[in-house]
Amino acid sequence: MREGQIEEIEETGGCGGVCGCGGAEETAEPELDVREVPHALRHATVFGALDAVPVGTAMVLVAPHDPLPLLAQIEQRSPGAFAVEYLERGPESWRLRLSHH
């Protein structure tokens, strides 16, 4: 950049526009549907998603069953960090709001 030249930085996404993903700030809570994720990868997928949820926001998890073992692992991994609210309780799917506080 030459002296006197002004560089305009456009923030285009939730990432601050620095990664080039083109993602926009989302106003709705992101929803992660793990019903089609292979069982062997399911918990790790949820942990990765939770790591991306900023404090003060939430995500919605859609699971094929009541995810009690997963909720216990989340609490063990991050004690007191997430509040759980059931939005739907089966029989086809369970929808839970996981709020990061």
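The values are calculated or read from the model by the stated rules, or taken from the named source; none is laboratory data. For clarity, every value in this text was computed on a predicted model and none was experimentally measured. No Cβ is skipped: glycine too gets one built from the backbone with ideal geometry, and neighbour counts run over all protein chains shown. For the accessible areas, the whole protein counts, side chains as well, though only heavy atoms, and no ligand, DNA or RNA atoms are used. Shrake-Rupley method; radii C 1.70, N 1.55, O 1.52, S 1.80 Å.
Residues that are of a type outside the set (A, V, I, L, M), free of Cβ contacts under 8 Å to residues at least 40 places away in the same chain, in a loop (DSSP other than H, G, I, E, B) and over 15 Å from S99 (Cα atoms): does the stretch 29-40 have at least one?
yes
Collect the residues in the stretch 39-65 that are out of contact with any strand residue (DSSP E or B) (no Cβ under 9 Å at 6 or more places or on another chain) and open to solvent by 80 Å² or more (accessible area, probe 1.4 Å), keeping them in residue-number order. Full working, then the answer.
The initial filter retains those residues of the stretch 39-65 that are out of contact with any strand residue (DSSP E or B) (no Cβ under 9 Å at 6 or more places or on another chain), namely 39-41, 43-44, 47-48, 51.
Hits for the stretch 39-65 are H39, A40, L41, D51.
Just to verify a result, which residue in the stretch 85-100, among those that are of a type outside the set (D, E, K, R) and over 15 Å from A49 (Cα atoms), is surrounded by the most Cβ atoms within 10 Å (Cβ to Cβ)? Spell out the reasoning first.
Taking the stretch 85-100 first, the residues of a type outside the set (D, E, K, R) are 86-87, 90-91, 93-94, 96, 98-100.
Among the residues that remain, those that are also over 15 Å from A49 (Cα atoms) are: 86-87, 90-91, 93-94.
Details: Y86: 11, L87: 11, G90: 12, P91: 7, S93: 15, W94: 19.
The extreme case among them is W94.
Restricting the search to the stretch 54-89, which residues are among the charged types (D, E, K, R) and in a loop (DSSP other than H, G, I, E, B)?
D66
Of the residues H100, H65, H43, which single one is touching a Gly at 6+ places or on another chain (Cβ under 8 Å) and farther than 17 Å from P30 by Cβ?
Criteria check complete, one pass: H65.
Scanning for something modelled with pLDDT of 95 or more and open to solvent by 90 Å² or more (accessible area, probe 1.4 Å), does the stretch 66-73 turn up at least one residue?
Within the stretch 66-73, one or more residues are modelled with pLDDT of 95 or more and open to solvent by 90 Å² or more (accessible area, probe 1.4 Å).
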